[in-house]
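Data block below; observations after.
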Amino acid sequence: MIAILKRAFDLLSVGLALFAGFWWLAPVAARAAETPRAGGELVFAVAETPPSFDGHRETTFAMIHPIAPHYSTLLRFDPHNYPKIVGDVAEKWSFSKDGLTFTAKLRKGIKFHDGTPLTAHDVKATYDKIIFPPEGVASARKASYAMVARIEAPDELTVTFRLKHIAASFLANLASPWNFIYSAEKLKRDPRWYEKNILGSGPFVFGEYVPGSHWTGKKNPNYFMPGRPYLDGYRAIFIRDTAPRAAAVRSGQVAVEFRGFNPAARDDIVKALGNKAVVQESPWACNLMVAINNEKKPFNDARVRRALNLAINRHEASKALSQISVMKFVGGLYRPGSQFATPAAELAKIGGFGQEIEAARKEARRLLKEAGVPEGFSFVLKNRNVKEPYEVTGVFVVDQWRRIGLNVTHMPQEGGPYFNDFRQGNFETGIDFTCEFMDEPDLYLLKYLSSDKNPINYSRFKDPMIDELYDRQSRMLDLKDRLPLLRQIEKRVLGEQAYQFPVLWWQRIVPHSSRLKGWKIGPSHYVNQDLRDVWLAQ
């Protein structure tokens, strides 16, 4: 059983590696190994301020980029051999013969930044909060761990996960960059303490946070990895708009913006910096999607939701938006080009994903009329006030809906109010996102599970059929067995019910200063952000 589980993950890893190699549009040129240089402060840009400081609660880069360097995780993805999994606070680990017990042994001598020891009890408390959160505590990825029955800490350096069933994604989920290890003592006092406070065991201790301005971290002299980190510290500068962020890279004010830029900004940066610029590119496990509040009329009617989906010309969107943003690839619920993706010809049979847009819009108008929605019906599309790719996509979607006779107001919001409105159901329609740390259907489909099973299903629908199909595919280790169920879920979500739906998937383009070393791009902007291997050349 363990051999089968390992083989399933190895196949996934090979697929990712091959695809990343194929799509590596502008790889860093091969160089002789360089000796890392200690010292210096890395300055980088972030497009938005964090809604809270809690990695278990949040789903945004705006939290993980400035805050991840303060924390450790149980396992992690090897930043230079993604998606290989290696230990972080775990020194070694193993599965039982039946695959239902996972045991990790922790490294000795790890300390939180306040000097208290990090033990298995802290790991247990962390994962209890993630998997079995107390009432009133949000856990964005709770549903990813439905296979876990309980967690035990038999001694200070041993943590054990008892599983209900085998799940191909379990090991990868333990390497999630969101799963910061928290202090059991702090969580016992207040399970929401970490929403507004920082205490980790990562390579950098907290410096200061000035909302709207910057976030800083300083080198942790007691970090458990000898010789790391190389940097004396880092400074994350919050710059909301794309043009000023790109200008900051061009001028040398910042070395990098880790999320990435559009092709035009990339070209401007390379033109300005010449050989002082390096460009790394990769596929991106992210899309922007339209969320529809299924609890509000008339959006509780599948005919209305299907009409909204049919109205969007995704192929036109790809041509237009890929020039001014990272939006590019037409795809369904799984990243285009991945081993899970539906072939384009098959996907085109689902309403909204074909090229016959006039016929699709005619059908959309018919469905609206049949559902009793009048011409000129007004509603609001809420959005995140990040110009690229959110606002430009929102503008495009609003224009598409106007072409079927709807009067839609586009309402960009600051990150905090945006996330709060989505969590509370205070919206009609909105631009949401799916962004994962690796290609895995268990992750991509989380937002499509019933809302009572997963709080990040902001569209607030409940569909036992999808839940049952999800559970079945999650237990399958052979891709050929999973694919038919994945196709059923996709047709149900996008075609039959149109609960919520992707607009486009992204491409990742990161131009940066040639002084930045030790950082390698991957298909997720959440992974490899603790900065422990990063250094600055002279």
Being out of contact with any strand residue (DSSP E or B) (no Cβ under 6 Å at 6 or more places or on another chain), in contact (Cβ under 8 Å) with a residue 12 or more places away in the chain and surrounded by fewer than 17 Cβ atoms within 10 Å (Cβ to Cβ) narrows it down to one of Ala246, Ala272, Ala184, Ala265, so name that one.
Ala272
Given the conditions (1) small (Gly, Ala, Ser); (2) at pLDDT below 95; (3) more than 17 Å from the chain's Cα centre (by Cα); (4) assigned to a helix (DSSP H, G or I), report the number of the one that Ala143 does not fulfil.
(3)
Let me confirm something: among Glu440, Glu496, which residue is over 29 Å from Val304 (Cα atoms), touching a helix residue (DSSP H, G or I) at 6+ places or on another chain (Cβ under 9 Å) and among the acidic types (Asp, Glu)?
Glu440
Would it be correct to say that Arg57 is of a type outside the set (A, V, I, L, M, F, W, C), touching a strand residue (DSSP E or B) at 6+ places or on another chain (Cβ under 7 Å) and either modelled with pLDDT of 95 or more or closer than 30 Å to Phe433 by Cα (or both)?
no
Residue list for the stretch 424-440, restricted to those being over 16 Å from Ala140 (Cα atoms), among the charged types (D, E, K, R) and under 21 Å from the mean Cα position of the chain (by Cα):
Asp439, Glu440
Of (1) farther than 21 Å from Lys387 by Cβ; (2) in a loop (DSSP other than H, G, I, E, B), Ser282 fails just (2)
Would you be able to say whether some residue in the stretch 456-471 is among the basic types (Lys, Arg) and surrounded by 16 or more Cβ atoms within 10 Å (Cβ to Cβ)?
yes
Considering residues of the stretch 152-181 that are assigned to a loop (DSSP other than H, G, I, E, B), out of contact with any Asp or Glu (no Cβ under 7 Å at 6 or more places or on another chain) and of a type outside the set (A, V, I, L, M, F, W, C) only, the residue nearest to His56 (Cα to Cα)
Asn179
Counting only residues that are in a strand (DSSP E or B) and more than 21 Å from the chain's Cα centre (by Cα), which one in the stretch 501-538 is nearest to Phe258 (Cα to Cα)?
His512
Taking Arg259 and the conditions (1) over 20 Å from Thr49 (Cα atoms); (2) charged (D, E, K, R); (3) surrounded by 18 or more Cβ atoms within 10 Å (Cβ to Cβ), which numbered condition does it fall short on, given that it satisfies the others?
(1)
Pairs where the first residue, in the stretch 307-323, is crowded, with 17+ Cβ neighbours inside 10 Å and the second is among the charged types (D, E, K, R) and in a helix (DSSP H, G or I), C-beta under 7 Å, 6+ apart
Leu310/Arg361; Leu310/Glu363; Ala311/Arg361
Using beta carbons and a limit of 6 Å, which pairs, at least six apart or on different chains, have the first residue in the stretch 519-538 and among the acidic types (Asp, Glu) and the second one not in a loop (DSSP other than H, G, I, E, B)?
Asp530/Ala68; Asp530/Pro69
Just for the stretch 253-279: of the residues that are more than 26 Å from His80 (Cβ to Cβ) and not in a helix (DSSP H, G or I), which one is nearest to the chain's Cα centre (by Cα)?
Asn262
For the stretch 200-216, pairs from a residue that is under 20 Å from Ile110 (Cα atoms) to a residue that is of a type in the set (Gly, Ala, Ser) and part of a loop (DSSP other than H, G, I, E, B), with Cβ under 7 Å and 6 or more apart or across chains, are Gly200/Ser72; Ser201/Ser72; Gly202/Ser72
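The values are calculated or read from the model by the stated rules, or taken from the named source; none is laboratory data. From a predicted model like this one, the values you see are computed outputs, not experimental measurements. Here the Cβ is made from the backbone with ideal geometry for all residues, glycine too, and neighbour counts use every protein chain on show.
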